[in-house]
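Scroll down for the structure; my scribbles are underneath it.
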Amino acid sequence: MTTMETRAAGTAAAAAGSEEIITGCDAVAQALRLADVDVLAGYPIRPYDSVMTAVSKMIANGQMDAEFIVAESEHSQFEIGKHASLVGARAFIGSSGVGWMYGMEALVVTSSLRLPVIALVGNRALDDPGAFGVEHNDALMVRDTGWLLYWVESAQEALDTTLLAYRVAEDKRVMLPCALSMDGAFLTHSQHIVQVPGPAPVAEFLPPYDLGDRRFHPDNPVSIAPQFNEDWVMEARRQADAAMRRARGVIAEATADFRRVFGRGPDDPFVDTYRMEDAEYALIGMGTVGLVGKVAVDRMRAAGRRVGFVRVKWFRPFPRPELRALLRGVKGVGIVDRDYSFGSNAHGGVLYTEVAAALYPEPTRPVIVPFIAGLGGREVSVENIEEMTDITEELTARGELDASCQWIGVRGPASDPRYDVERGAR
Amino acid sequence: MSAGAVDVTYRGVFQKNLAGVITKELVKAARREDKFGGTVARYGDSPERNGIPAKQFAVIASDMASLQVEMTKYEPDNVVVVAVMDDTLAKGIESWAWYGVRPINLNLAPGGTLLVISRQDPAALLKWIPRRPQPWTLAILPGEPSFGGLWVYNDDGTDYRTMGAIARVTDGLVSLESLIAQAAGTRDGGKREQQLREGYEAVQLHQVAAGEGAEDTYVPVQMPDWTQMREGLVVPAVEVGRTNELFMKYTTRTARPLIKFDACVKCQICYTVCPDECFIPTPEGHYDVNYDHCCGCGICAQSCPVSGCIEMVNEAVFDGNEPLHGVYERDPAAYEELRAEKLAKAGGPVPHYGIY
Ligand code: SF4
Ligand code: SF4
């Protein structure tokens, strides 16, 4: 069974739930209702903003009781979420593309104050050119700053992971914000079959938000966010580092508990693996590329090729132990980056750099081929996945341990010596 | 192992809910037949501004793998029905910039059905719809374009009648029985069932032969490769006085401004306020309209200080986009006759049109 099928089929029993046909954004909104979120801050930008529409409708219909504050910019929106979380309210924020970037200062102080705000990033290409399509660079921009990061593949996973994210982020051992990424258009605006659980299992799974003695309140006189200067900064960073390390255990625990309570959910909390048993070649990607990736794998398996697909779900904390174990024995790995990192290692994307670094301690390493595909909402097709597998196999056969990055699905020649070397802006 | 899609082409933002209900309920009904399904929205820049064409697709598949593949495309393949929610969209659509104006039946699978909600007859619609190399079916569901207010659901039964018509024209993608069973569970289930049956019965089918229809002038837009594009996202401008052929805006229009040149006081206000710079000064100081670029926003009609000088008139009564001042120059009386004829055919100007 494919991922969507497993999720669509096995869940009927989730205590008086219902099957709905809803978008990824609607699915997050349903989870926000079920999680009884107290404060939602918003500022419209496509494609994330359909979650705002869905939530305001539920509040207007009396299905949800929450403060919904529309700010005058993303920066204020994120500050509102941060302050709400600080006074003990379960908070939600979100954005897309350059909107997410505009609030960057507020984002980094949310994680440095260790406030478990949950954000939805409807992944969108950064301007310019103006575009609505998916690219993962927006959410990736906070990858070094203490945000937990997750990429979903389906609307069902969006609902489930929103609940999971609150549980993990608010755990006393973690207390870090979490951004849930969802491919713009392909998931934010597409409706999937989703099992929406009833309130009982959610209440069992998700305890109330409790900030404890950090709660900013007259009954609990504290001052926060002082000017530390050079004296305390490094210690604060080390604390956040410890929290991120502890998050792995909390994620594993919460995912197992999710399965117990809801009767469904993944076996592996960190990566979604597809037909990796006995695989000689693997492709790795994040988000909806998994949907086509798995279909492509089925096709190639039917033709007798030993290929599997790995979808990285949690990007922070990065699933280094899982990837090392999974790729042991695999001869060649292709990394499908729906992002770019100009001037980085091998001129590949962010995921490539992380996977390659994760595999470095292995005694025998596979050939790793960086690919850039699907930027700005360009489709990644089954044929594209097959093409990337072909290239990976070919370079593996040649033992190419220093493969250079290949752009898939870009109009024009693979490389142009005149352009790559000589020609500049005209 | 297969998937088929229904494309609901509508005018945002007024018909967004309409398209949403149709696609979602089609998928829910298909679930009753143990099929899989999902919906895909296609939108461009400000897709849901007044009148901008947009699409929502329902994908129905026999298995999850076929569905998964379609769910990661801009537009699903194997479109067996294109359901057109406003017959003026049959003139072509440019819902997302840089693609040019595309024929309404461009993505129709061979043997598929173009379903139009219209009061016009097939011959009138085929004056606008380009020919195809294969035969196809033109289905007409008699009715008016359904408009709610902004985002508001307009419960006039158009959605369920359209679904009934879709069940009739698709061979087994989703059955009328499943749609009725699905509707039975909703509020006003009885009324919905009646509307489904009405649509199923009322839809009129016309076989269109290969090569029948308007001349196909569509030329796909050629997009540059990465070595041809100018760096720094520089796009050449058009010369002053000329217009950008890639940015035709007329497909967004449900009504167009029609000017009574005899009443014009040459105040230049229309020329100043039009956001799309559609007004062309004429030697004697009138302002002609370049309808290729007019999106039908109605701002000019509201701004003109002379009562009855610029009126917004239903787009369905016009063919072509030629500016009309030439007719006036040759014979002002003939122009007045033309204006009167169009207004009569349209049942008068569109009242309270535009942004307020
Ligand atoms: S309706 Fe009037 S103002 Fe609006 S685009 Fe057309 S000519 Fe310009
Ligand atoms: S606004 Fe009206 S009166 Fe003024 S120039 Fe335009 S058409 Fe003539």
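Worth pointing out:
- Every listed requirement among (1) in contact (Cβ under 8 Å) with a residue 24 or more places away in the chain; (2) within 12 Å of chain A (Cβ to nearest Cβ) is met by B:P220 save one, (2).
- Among the residues listed as A:L211, A:L206, the single one being assigned by TED's automatic domain parsing to the domain that holds A:V121, in contact with a Gly (Cβ under 7 Å, 6 or more places away or on another chain) and closer than 28 Å to A:W100 by Cα: A:L211
- Qualifying residue in region B:254-267 (condition: on the phi > 0 side of the Ramachandran plot and more than 15 Å from ligand 1 (Cβ to nearest atom)): yes
- Verdict on B:K260 being near ligand 2 (Cβ under 10 Å from one of its atoms), of a type in the set (K, R) and either out of contact with any Pro (no Cβ under 7 Å at 6 or more places or on another chain) or open to solvent by 20 Å² or more (accessible area, probe 1.4 Å) (or both): yes
- Residue in region B:300-308 that is more than 16 Å from ligand 2 (Cβ to nearest atom), open to solvent by less than 50 Å² (accessible area, probe 1.4 Å) and more than 14 Å from every other protein chain (Cβ to nearest Cβ) present: no
- Tallying residues that are open to solvent by 60 Å² or more (accessible area, probe 1.4 Å), of a type in the set (D, E, K, R) and more than 7 Å from ligand 2 (Cβ to nearest atom) within region B:265-284 yields 2.
- Filtering region B:223-245 for residues that are open to solvent by 50 Å² or more (accessible area, probe 1.4 Å), more than 14 Å from chain A (Cβ to nearest Cβ) and within 13 Å of ligand 2 (Cβ to nearest atom) leaves an empty set.
- Region A:267-308, residues that are within 14 Å of chain B (Cβ to nearest Cβ), part of a strand (DSSP E or B) and not small (G, A, S): A:D272, A:Y274
- Unique match (being at pLDDT 95 or above and open to solvent by 60 Å² or more (accessible area, probe 1.4 Å)) among B:R168, B:R119: B:R168
- Residues that are open to solvent by less than 10 Å² (accessible area, probe 1.4 Å) and within 14 Å of the chain's Cα centre (by Cα) within region A:124-136 comprise A:V134, A:H136, listed in sequence order.
- Being at negative phi, charged (D, E, K, R) and crowded, with 16+ Cβ neighbours inside 10 Å holds for only one residue in A:R378, A:R418, A:R398, A:R411, and it is A:R378.
- Residue selected from region B:276-301 under the condition charged (D, E, K, R) and within 19 Å of B:K266 (Cβ to Cβ), by the criterion farthest from ligand 1 (Cβ to nearest atom): B:E284
The values are calculated or read from the model by the stated rules, or taken from the named source; none is laboratory data. Just so you know, these numbers come straight off a predicted model, no measurement behind them. Counting neighbours? That spans all protein chains shown, and the Cβs are built from the backbone with ideal geometry, glycine included. Remember, those area values only see protein heavy atoms, side chains included, never the ligands or the DNA or RNA. Shrake-Rupley method; radii C 1.70, N 1.55, O 1.52, S 1.80 Å.
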